[in-house]
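See below for the structure under consideration.
The values are calculated or read from the model by the stated rules, or taken from the named source; none is laboratory data. A quick note: this is a predicted structure, and the numbers were derived from the prediction, not measured. Cβ placement follows ideal geometry from the backbone for every residue including glycine, while neighbour counts extend to all protein chains displayed.
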């Protein structure tokens, strides 16, 4: 009996030590900059920039976001209907089509020209990729082919712009979340409008979202 109790105590001590030495699970969402956030799990790495949106959301009825993603293992697919935007009020906005963008946003080229001087270099956060392709959901009318789905593996970076239309003609300050969800990925990328300052720990280091 004493020997059995001794073994139980030893096993409990080993289990406790193993648990204490285990590294904490890595948070899937990380703030990479004032207007850059990353979601990463075993399936996908996705990086979102809302720098231009932070500057213009109170002036324009269309929100411009820049997204980049790559598979972390098996290939992933993303369809237009997989993309949505959760507003501060809890409303889920679907990604509109190219036709709606062309009808409701007459100056796409001009806005993209303005945004070009205030973009974050989000492609630089993907060190393993060797190829790059355009996210084909939107384009300047008459320039590129528009598609409703795109896919790729871990060495292929997909990058491009997303547009959302304000449901009531304007955007309110608060916490938004870009959602990418289907059978191959489930990512949530939260961001504030306007952009808030990055959080710091007691040592002054930037912490996860």
Some residue of region 171-181 being modelled with pLDDT of 95 or more and on the phi > 0 side of the Ramachandran plot: yes
Candidate set from region 61-89 (those that are farther than 16 Å from residue 180 by Cα and surrounded by fewer than 18 Cβ atoms within 10 Å (Cβ to Cβ)); member that is farthest from the chain's Cα centre (by Cα): 61
Hits in region 129-154 (condition: within 18 Å of the chain's Cα centre (by Cα) and touching a residue at least 40 places away in the same chain (Cβ under 8 Å)): 129, 135, 137, 138, 149, 150, 151, 152, 153, 154
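Can you spot a residue in region 156-163 that is touching a residue at least 24 places away in the same chain (Cβ under 8 Å) and more than 17 Å from the chain's Cα centre (by Cα)?
Residues of region 156-163 that are touching a residue at least 24 places away in the same chain (Cβ under 8 Å), as a first pass: 156-163.
Those still in the list that are more than 17 Å from the chain's Cα centre (by Cα) too: none.
Checked against the condition, which is being touching a residue at least 24 places away in the same chain (Cβ under 8 Å) and more than 17 Å from the chain's Cα centre (by Cα), region 156-163 yields no hits at all.
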Spans of strands (runs of 3 or more DSSP E) in region 7-49 with at least 1 residues more than 14 Å from residue 68 (Cα to Cα) and at pLDDT 50 or above: 29-33
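How do the strands (runs of 3 or more DSSP E) wholly within region 95-209 filter down when requiring 3 or more residues that are surrounded by 14 or more Cβ atoms within 10 Å (Cβ to Cβ) and in contact with a helix residue (DSSP H, G or I) (Cβ under 9 Å, 6 or more places away or on another chain): which remain? First the steps, then the outcome.
On the way: elements: 131-134, 149-152, 156-165, 174-181, 186-193.
Here the list reads 156-165, 174-181, 186-193.
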